[in-house]
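The values are calculated or read from the model by the stated rules, or taken from the named source; none is laboratory data. Note that the structure is a prediction, hence the values are computed from the model and not measured. For neighbour counting, all protein chains shown are included, and Cβ atoms are generated from backbone atoms with ideal geometry for every residue, glycine included. Note: accessible area is taken over every heavy atom of the protein model, side chains too, but ligands, DNA and RNA are not part of it. Shrake-Rupley method; radii C 1.70, N 1.55, O 1.52, S 1.80 Å.
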Amino acid sequence: MRILVFLWLLFLPLCSVLFRIDIAWVSGECLGGLRLCLEDEKSLLLQLKDSLTFKPNVSVKLVSWNESVDCCSWGGVTWDSNGLAVSLDLSSELISGGFNSSSTLFSLQHLQRLNLANNSFNSSQIPSGFDKLGNLTYLNLSDGGFSGQIPIEISHLTRLAIIDLSSISYLTGIPKLKLENPNLRMLVQNLTQLRELYLNGVNISAQGKEWCRALSSSVPNLQVLSLPNCYLSGPLDSSLQKLRSLSSIRLDSNNFSAPVLEFLANFSNLTQLKLSSCGLKGTFPEKIFQVPTLQILDLSNNRLLEGSLPVFPQNGSLETLVLSNTKFSGKVPISVSNLKRLTRIELADCNFRGSIPNSMANLTQLVYMDLSGMRQILSSHWFGLENLVTLDLRNNSLNGSLPMRLFSLSSLQKIQLSNNQFSGPFSEFEVKSFSVLDTLDLSSNNLEGPIPVSVFDLKRLNILDLSSNKFNGTVELSSFQKLGNLTNLSLSYNNLSINASVGNPTLPLLPNLTTLKLASCKLRTLPNLSTQSKLTHLDLSDNQIPGSIPNWIWKIGNGSLMHLNLSHNLLKDLQVTFSNFTPDLSILDLHSNQLHGQIPTPPQFSSYVDYSNNSFNSSIPYDIGTYLSFTIFFSLSKNNITGSIPRSICNATYLQVLDLSDNNLSGKVPSCLIEYGTLGVLNLRRNNFSGAIPGKFPVNCLLQTLDLSGNRIEGKIPGSLANCTALEVLNLGNNQMNDTFPCLLKNITTLRVLVLRGNKFQGSIGCPKSNSTWAMLQIVDLAFNNFSGKLPTTCFSTWTAMMAGENEVQSKLKHLQFRVLQFSQLYYQDAVTVTSKGLEMELVKVLTLYTSIDLSCNNFDGEIPEVMGNFTALYVLNLSHNSFTGQIPSTIGNLRQLESLDLSRNGLRGEIPTQLSNLNFLSVLDLSFNQLVGRIPAGSQMQTFSETSYEGNKGLCGWPLNLSCTDPPPSQDKRFQHKEEFHWEFIITGLGFGVGAGIIVAPLIFWKKGRKWLDECVDRFVLLILPIVRLLYTNYGRVEAEEAFGIELTDITGGYEDSDEEKDEIEFGSFDVRFCVFCTKLDIGMKKPIHNPNCSCHDSPPILSSSSSSSSSSSQI
């Protein structure tokens, strides 16, 4: 109950700000100077007190109602001069029950004002007896804990001028009030005197015409209209302009999805217009800025709303201008200084350009300035902003040195300059004795040098964040004890060396410290923080802390620790199990240490647990699920865990991320992991799981990442996976699945990564009956399967994410990730293994601009589609080891981002397109083993590759090949052009010749007379033919095939080898040298003649007269 009390006390200030609720701690009042209270009225009030359920130790008003106390002192009761109770204020009494339709409250029929706001009626309905209080002019039931239908009886209160039925249920999750029957029209139809209507958070669910016309026809005198978060839709209807008296319009957090209508500028009394988070679009009318009475304008969080700031007139009334997270653009006009009453300006994350005008220094009433995320140039004029309390310039591109003059502004409490480009030293500065600075955030800049001593003189400092800079030097942790009010200290990711010694370990370092971040501070020991009674967030990651995790760390703040990050250290074990000591520990990060042994049971109420990248070598505890009842993120990846996944994991019904990858787990995947309706990421890659994917994916499947790669999964892709309409990453690679292309997923428009490599998928790819398939697809890996057929041009034309223009690509520097907690910075980072440049690499952060296609090692045929030239964002294209034919499309030259192109081992023909020389980022090219011909295109990029990129293409020439394009091309023997094809007609013909020759030759081997007859026939034939080609022959006996031939061509030519021309002459049979047919033969290379020295030839009579001279001088060979 103490927690409930604390929460309500926490919400009271919020209610006062958001909903203009007057929180009155009144002691009672008697009007007219008479201290008179009628006994009947007193009796009714005492009966009401007895019927209500409340806590006397918390109550301020009801507890004062007592017969022995003067009735004029009864808290919350106002009496008129006749002794009648005319006003009852029981707000913030934490009443939890006893208020129903028969309550004595409805007997107080003289009541004119009733306030039951900020109570806790436990989601009960508003009682139906309000029609008995016909004199009410003011009714406030806001945030009373009511739910359900608003009763029709309230519509009978015809004297009502102000009604407030607001609810903050959209912040707390408490069930809402609603207006269905009666609806809004029925509620207000009799309230003709109504001036102020507050229905914040009430579920009205009405179209623009319906609710606008209901109000304009029933409440003509309405001045304040407050309907935020009421499920209203638009556009606004023009009938609303009939409410000429409107001065305050608050319609934020609805879904109008329409432009802002210009008639809003016609409300001459308009002082407040709040339209934030309404889905507004189009251009905002400048006339609305010109409304002379307008004091508050809030258009924030309408990301499609465009516009620009006008020239502001002199002495404008604007006090608050909030345009954050819109598409307002242009320059901030100099005339902004005319808004002399401006106290708050928020232009964060807009598209304004140029510099912040110096004239803003004239806004002397300015209290809050948020210009973060504008990428503006910083003004150096700050002297006029003497009343400035908060300055927020985060997430800009501000550079140069720090504006040290800010530290001289006496009223400034918060300086937030993080995520800029400030550089240079953080200089010493003068600290005034009256300095009220409580927040200093300089994180994520390029500041360097030591931390100035002046910082330690900012005695009122609550938050100090100097992380992610280049500060250096050694800092004593104990030096921060001078800042006794410090609650948040962050020094992470600098070049600092922190000395962790604290001095007296029995005293706290800082008594109010709640957050301490010392990541990457070269810590070699754990600072002793056992006396920090309020510490809730501790980050000591990325240090060099060895040894064991001590017991005291689980007892910090008597168990108040909620966030602990000890990742990336050298820790080896835990001294004790910590689940008994940390009841509130929500986030526990121990990944990337050297922890070993048994897996520790997580804290029982943890929401984030990361044990990944350690050396745990046990099995998962059988009861692990009982400790994960509230866990959203759980990771054991990259350990040595064995065994199976225990069934108790099914008790972890809130899990959104489960990562058990890179272990030695085996068995079957529990079906409950598939059937979970909450899982957003399931990663079981690189284990030994077997069997088919079990269970059915639920209809409300929320999966964004499913990675089962590197296992022994069999069977088909379940059809129910189509229910996972938010799926972005599907990785089933390197398994044993046997299926066809997953067209069943064609309606999942969010799919970005599809990996099926290394399975047994077959058939064609593409989905012919779908006109739009996976427009967001950026990584496709179908390698090492049995896919076949032609590539589908229609399907490829829908992969528009690979066709992004260069500017669009550069603007999408985001990663595929899953946000773990809605209001935190914790993300699960997707990782995908891709093959690029011949190597497997793991993309730990998958950029949304990284695109690749790998269809290698399949049976695709036909031509490469021209549409691939439209994939201008492609980085990797691998079509190798297929049966593609035709020419390489010249459109491949359009892929200017391409870094790796592999078309090897296909049947591609024709010339290499010259357009490929335009691929300036290409670092890997493989066109080998095709049938390409012609010159390799000249260009700085194409000729940087080795000859292996082009080998196996006999028709190619030019650098880097040794074959010049001016040399005669090597003979293309048709017998070897299709060495992979079998021509059976040639084989049968050769076999026939072989058999026939065998029949003739075999008898000659054994028949001596036959051999002699054959020799004589050959001799006569040779003697007749050889003289014609200038070769001589004398029959001095046969040279047996076994005899060794020892003299090479050099012995014959007598030193002619130095001349290529002469060598060619000899090799092709010159007139100067004669070869005897049976004394000379060619070597195995078919180039050099080898002569038998034991064989001799004699001249024969020349047939041609021109040969006589050469015959007489020839050597006998």
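A few points about this structure:
- Between Ser238 and Gln943, full extension at 0.36 nm per residue minus the direct alpha carbon distance yields a gain of 246.9 nm.
- Glu319 exposes around 60 Å² of accessible area when a 1.4 Å probe is run over every protein chain in place.
- Scoring 867-877, 760-770 by mean Cβ neighbours within 10 Å over their residues and listing the highest first yields 867-877, 760-770.
- Percent RCO, i.e. relative contact order, over the stretch 165-252, from Cα pairs under 8 Å lying at least 6 residues apart: 30 percent
- Pairwise FRET efficiency - Ala161 versus Lys668, Cβ, R0 = 56 Å, nearest 0.05: 0.25
- Here the simple spin-label model places points 7 Å from the Cα toward Cβ, and for Gln421 and Val436 these points are separated by 3.5 nm.
- Accessible carbon and sulfur surface of the stretch 575-649 relative to its total accessible area, %, 1.4 Å: 48 percent
- To put it simply, the accessible area of the stretch 24-114 at a 1.4 Å probe is 48 percent carbon and sulfur.
- Extending 7 Å from the Cα toward the beta-carbon at both Thr725 and Ser408 defines two label points whose distance is 6.1 nm.
- Placing +1 on the Cβ of every Lys and Arg and -1 on the Cβ of every Asp and Glu, with nothing else charged, gives the stretch 464-600 a dipole about its Cα centre of roughly 220 debye.
- Label zone of Arg896 (point 7 Å out along Cα→Cβ, amide N under 12 Å): in the stretch 908-941 this covers 918-921.
- Distances between placed amide hydrogens fall under 5 Å for Gln887 paired with Arg909, all partners being 5 or more residues away or on another chain.
- Share of carbon and sulfur in the accessible area of the stretch 213-333 stands at 46%, probe radius 1.4 Å.
- Mean sequence separation of contacting Cα pairs (under 8 Å, at least six apart), scaled by the length of the stretch 75-156, corresponds to a relative contact order of 28 percent.
- Relative to the current alpha-carbon distance between Glu286 and Ser533, full extension at 0.36 nm per residue lengthens the span by 83.5 nm.
- The stretch 231-355: C-alpha gyration tensor shape, a/c 1.5 cut-off, then a/b vs b/c: oblate
- Cα centroid of the stretch 98-137 to Cα centroid of the stretch 258-278, whole Å: 34 Å
- Under the criterion of Cα pairs below 8 Å and six or more residues apart, the relative contact order for the stretch 429-558 equals 18 percent.
- Whether the stretch 590-646 is rounded, prolate or oblate, judged on the alpha carbon gyration tensor where a/c under 1.5 counts as rounded: oblate
- Net lengthening on full extension, Lys572/Asn221 (0.36 nm per residue, minus Cα-Cα): 119.1 nm
- Highest-first arrangement of 927-934, 616-623, where packing means the average Cβ count within 10 Å: 927-934, 616-623
- Between Ser644 and Thr885, the distance separating the two model label sites (each 7 Å from Cα on the Cα→Cβ line) works out to 5.2 nm.
- Three-way shape call for the stretch 632-677 based on the alpha-carbon gyration tensor, with the a/c threshold at 1.5: oblate
- Accessible surface computed residue by residue for the stretch 105-202, with neighbouring protein chains in place and a 1.4 Å probe, gives 34 Å² per residue.
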